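Everything below concerns the one structure shown next.
The values are calculated or read from the model by the stated rules, or taken from the named source; none is laboratory data. Model, not experiment: these values are computed from the prediction. Cβ: placed from backbone, ideal geometry, glycine included. Neighbour counts: every protein chain shown.
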Amino acid sequence: MTPGPSTTETSTHEEPTAVVFRIGEVAKLTGLTTRTLRYWEEIGLVSPSSHGSSGDRHYTAPEMNRVTRIRDLQKLLGFSLAEVRVVLDTEEVDVLDRVRSELHSGDPSPGRQRELIEEAVAANDQLLARLDDTLARIEAFRAERRASAGRLRDRLEALENPGKSPENPENPRTREPENPEKESRP
C-alpha cells in the first residue's frame with residue numbers, strides 16, 4: 001500500500017508548509033503512469049519540485065495541478081503534447097497558477113484578495129478568448145473536412161452509379177476524352 005502524501009516542516013514552525021507527493025502517488029491520483037510522468041519531465045512539460053535522497057521525485061500541489069491540466073488538455077480536448085506546451089506556456093496560465101498559489105498560501109488581506117481575483121478574471125478572460133479563437137479555427141477546419149468528405153462521397157457515388165448524373169464532369173462515361181489514344185490504354 002502506498003503511504004499518503006508527506007509534509008515538510010520548517011525548523012521554526014511545527015505546522016506543515018507543503019504537501020509533497022511522490023511520483024507513484026501523483027500517477028495514482030491522476031490516472032497516469034509513472035512512465036508518462038517521467039516522459040513529461042524529460043520533454044520539459046512538468047518538473048518535480050524536488051528529488052529525494054534516493055532520487056524520488058517530489059511534487060507539490062502546483063505541480064499536481066499542472067499534471068492534471070496536461071492530462072485534461074490531452075484527454076478532454078485531444079491536444080498533442082506540442083499543443084499542450086503552447087497552452088501551458090501562455091502567460092495567462094502562469095498568472096492563474098500564481099494567483100491560485102498566493103490565494104491558498106497565507107492569508108492575504110481582503111484588498112489583496114480583490115486584486116488577485118481581478119487579475120485572475122482578466123487572465124482567464126484572455127485565455128478564454130484564445131480558446132474561442134482556437135475553437136473557431138478547429139470548427140473552420142472541421143467544416144472544410146466535412147465539405148471535402150461530401151465531395152469525395154459524391155465522386156464515389158458517381159463512379160458507382162455512372163448513369164445517375166450525366167452532368168457530372170467527373171463521371172468518366174459522360175466526359176469527353178481529352179486525348180482518345182491515352183484514354184483507351186489500360
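Listing for the model above:
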| quantity | calculated |
| --- | --- |
| Looking only at the range 66-83, and only at residues there that are among the charged types (D, E, K, R) and closer than 13 Å to Leu37 by Cβ, the one that is farthest from the chain's Cα centre (by Cα) | Arg66 |
| Any chance Ala82 is over 29 Å from Glu42 (Cα atoms) and at pLDDT 85 or above | no |
| Positions within the range 44-57 being surrounded by 12 or more Cβ atoms within 10 Å (Cβ to Cβ) and in a loop (DSSP other than H, G, I, E, B), in sequence order | Leu45, Val46, Ser47, Pro48, Ser49, Gly52, Asp56 |
| Flag for Ala149 being of a type in the set (A, V, I, L, M), under 30 Å from Asp94 (Cα atoms) and at pLDDT 85 or above | no |
| Selection count where residues are within 20 Å of Arg69 (Cα to Cα) and surrounded by 14 or more Cβ atoms within 10 Å (Cβ to Cβ), scope the range 102-116 | 2 |
| Any pair with Cβ under 7 angstrom, 6 or more apart, that starts in the range 50-67 at a residue that is free of Cβ contacts under 8 Å to residues at least 60 places away in the same chain and ends at one that is basic (Lys, Arg) | His51/Arg57; Asp56/Arg22; Arg57/Arg22; His58/Arg22 |
| Glu170 being more than 18 Å from the chain's Cα centre (by Cα) and modelled with pLDDT of 90 or more | no |
| Among the residues listed as Gly106, Gly150, Gly111, Gly163, the single one being on the phi > 0 side of the Ramachandran plot and either assigned to a loop (DSSP other than H, G, I, E, B) or of a type outside the set (Phe, Trp, Tyr) (or both) | Gly106 |
| Matching residues in the range 58-89 - criterion: being assigned to a loop (DSSP other than H, G, I, E, B) and surrounded by fewer than 15 Cβ atoms within 10 Å (Cβ to Cβ) | Leu76, Leu77, Gly78, Ser80, Asp89 |
| Checklist (1) part of a helix (DSSP H, G or I); (2) out of contact with any helix residue (DSSP H, G or I) (no Cβ under 7 Å at 6 or more places or on another chain) applied to Asn124, failing item | (2) |
